[in-house]
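S.K.: Handing you a structure now.
Quick note: the coordinates plus some simple rules give every number you see, no bench work behind them. Just so we're clear, the structure is a prediction, and the values are computed from it rather than from any experiment.
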Amino acid sequence: WELYCLEHGIQPDGQMLSDKTTGGRDDSFNTFFSEMGAGKHVPRAVFVGLEPTVGDEVCTGTYRQLFHPEQLIIGKEDAANNYARGYDTIGKEIVDLVLDCIRKLVRIHATDQYLK
């Protein structure tokens, strides 16, 4: 996401750089970002991880303000590199939460597309 932000003039806090907000700006970044209130842009993505340490890195890193907290779904324990454990046990605990988040994003973006 750092590269997307650099390419489209979006700061780590989600705000556009001033030179992008004036004049005829290129709106191609809307493919990857949604504009929230007060001009903040967040990725159009849901981030899912079973291991909490990876999520902690995102939540404390340079781009921590870029991500919407409802779109970060972080589990409480990892699958210990065991596919069956991640798929059958731990992953099943968060699958409903992930699907609800995806449904919400699709509804929001489908509404945005019809309004334009």
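S.K.: Counting pairs on different chains as well as pairs 8 or more places apart, how many Lys pairs in the chain have Cα atoms under 22 Å apart?
M.R.: 7
S.K.: A further question follows. Calculate for the chain the 222 nm mean residue ellipticity that helices alone would give, adding -39,500 (n - 2.57) per DSSP H run of length 4 or more and normalising by residue count, nearest 500 deg cm²/dmol.
M.R.: Only helices count here, giving -12000 deg cm²/dmol.
S.K.: If contacts are Cα pairs under 8 angstrom and at least 6 residues apart, what is the relative contact order of the chain in percent?
M.R.: So the answer I get is 21 percent.
S.K.: So, one more: Roughly how many whole Å is it from the C-alpha centroid of the range 94-109 to that of the range 40-82?
M.R.: 15
S.K.: Of Gly55, Gly86, Gly14, which has the largest mean-square fluctuation in a 10 Å C-alpha GNM of the chain?
M.R.: Looking only at Gly55, Gly86, Gly14, the largest GNM fluctuation is found for Gly86.
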